[in-house]
Amino acid sequence: MPHDTTFLEKLLDAPGPSGFEVRPARVWREEAASFAADVRVDVNGNSFATVNPGGSPRVMLAGHIDEIGLQVTYIDEDGFLYVDEIGGWDPQVLVGQRVLILGRDGDVTGVVGKKAIHLMTPEDRLKASKTKNLWVDVGAKSREEAMSLGLRVGDPAVLAQKMVRLAGDRIASRAVDNRIGAYVVLEALRLLAAEPPSAAATAVATSQEEIGYSGGGARTSAYALEPQVAIVVDVTFSTDVPDVEKKELGEHKLGGGPVISRGSASHNEVFEMLVRVAEEEGISHTVQASPRSTRTDADAIYLTRAGVPTALVSVPNRYMHSPSETVSLDDLKSTARLIAAFVRRLEESTDFTPR
């Protein structure tokens, strides 16, 4: 049966780089309001949706809704825009791309410019592009004309790439990392709404993960919720592509199911329960070692207040931080199923204290 991607596509296509997540967050809350209670947004741009708010224990399901992007730093007298990176970019990916600038009066389309190869010296051709040496051309002839389009210094931008369907159950999008995390936790909550658990389950679409070097929206939302257990959904590197070292990253493939992190900010008791649930539910999965930081929202949530037993469940993703990040829809579905099954097994007496 074909996957219905209507909501997912709308969510992925909405432009919302870190710090400017309003549009995808609004899409997420509108969908959540169709089945969840207490749908809201906080001052930091985190969105919340709860099922069984009076239940126990309190469980937080977090996926960040921001994406990497660009920000205008200068508009020169000829109308060219210069930009800096929001989040981690390989500047080679930017060359020749079309971008969507979120201006004051509406979206403005531009193209990323670079000196033509014909005009480069042999030495220049061997050098990697740097973002500071690229520019955005919106077609304006002057600074005044660019500003008349509603453009200002500080405006955010994303690559002008929409979600596409590939063969089988696979999709590609610029915003897979990690809007699909926000999607999965909401789909897990949808499953829980159909058969409410004993726990109070809150899905959170967190903000500013890609630039959240001190925890971003995950830290503030976890502080407010005071969860007794948390599951973070993010993406991880799919290693079923050429030139990837499986000895370092493990063996994780598209269609192989969720990847459960072990170590670092993934609490071992929660990890063991997740693996047990996956086995009982017949959900294919792999395990990923995280001997240091996970570089996800889990790192912030794990150390919030007096500590939160936290697990990280990831979706295999090809071509990370590019306009064509690729995932399997079956993996999204099985990850949501695993999380919902985990939450249903929680009881008021569930204790993750290692003894």
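The values are calculated or read from the model by the stated rules, or taken from the named source; none is laboratory data. In this text the structure is predicted, and so the values were computed from the model without any measurement. Here the Cβ positions follow ideal geometry from the backbone for every residue, glycine too, while neighbour counts run over all protein chains shown. Just so you know, the surface numbers come from the protein's heavy atoms only, side chains and all, with ligands and any DNA or RNA stripped out. Shrake-Rupley method; radii C 1.70, N 1.55, O 1.52, S 1.80 Å.
Tabulated data
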quantity	calculated
Between 0 and 90°, nearest 10: helix 216-225 axis offset from the chain longest Cα axis	30
For the chain, built as a Gaussian network whose Cα springs stay under 10 Å, the top-fluctuating residue of V43, V153, V204	V43
Residue among Q92, Q228, Q208 with the largest mean-square fluctuation in a Gaussian network model of the chain, springs linking Cα atoms under 10 Å	Q92
Qualifying trypsin sites (Lys or Arg not before Pro) in the stretch 238-291, DSSP loop, other Cβ atoms within 10 Å at most 14	none
Under-5 Å amide H pairs with A265, H placed in peptide plane, nonlocal only	T294
Rounded percent of accessible protein surface that carbon and sulfur make up, the stretch 215-355, 1.4 Å probe	46
Among S207, S142, S328, residue whose mean-square fluctuation peaks in a GNM of the chain (springs only between Cα atoms under 10 Å)	S142
3J(HN,Hα) from dihedral phi, the stretch 40-57, Karplus parametrisation 6.51/-1.76/1.60, rounded to Hz, x for glycine, proline	7, 9, 9, 5, 8, x, 6, 10, 10, 8, 10, 10, 6, x, x, x, 8, x
Accessible area per residue in Å² at 1.4 Å probe, computed on the stretch 1-69	41
In Hz, Karplus ³J(HN,Hα) per residue of the stretch 95-112 (6.51, -1.76, 1.60; θ = phi - 60°; x = Gly, Pro)	4, x, 6, 8, 10, 10, 9, 8, x, 5, 9, x, 6, 10, 8, x, 10, 7
Crossing angle, helix 268-281 versus the chain [Cα axis fit, 0-90 degrees, rounded to tens]	80
Per-residue HN-Hα couplings for the stretch 146-158 [Karplus 6.51, -1.76, 1.60; θ = phi - 60°; Hz; x = Gly/Pro]	4, 5, 5, 7, x, 8, 9, 4, x, 5, x, 8, 10
Mean accessible surface per residue for the stretch 180-300, computed with a 1.4 Å probe while every protein chain stays in place, in Å²	43
Of all accessible heavy-atom area on the stretch 114-163, the percent that carbon and sulfur account for (1.4 Å)	56
Given K10/K253; K115/K141; K253/K333; K114/K141; K132/K162, the pairs whose alpha carbons are separated by over 23 Å	K10/K253; K132/K162
Surface accessible to a 1.4 Å probe, R125 within the full protein complex, Å²	130
Residue-averaged [θ]222 nm for the chain, counting only DSSP H segments that reach four residues, each worth -39500 (n - 2.57)	-8000 deg cm²/dmol
In degrees, nearest ten, helix 176-194 long axis to first principal axis of the chain (Cα)	30
Sequence-distant residues sharing a close amide H with W135 (under 5 Å, placed H)	G113
Percent accessible area from carbon and sulfur atoms, the stretch 1-111, protein chains only, probe 1.4 Å	49
Interchain or long-range residues, amide H under 5 Å from Q288's placed H	I260, S261, R262
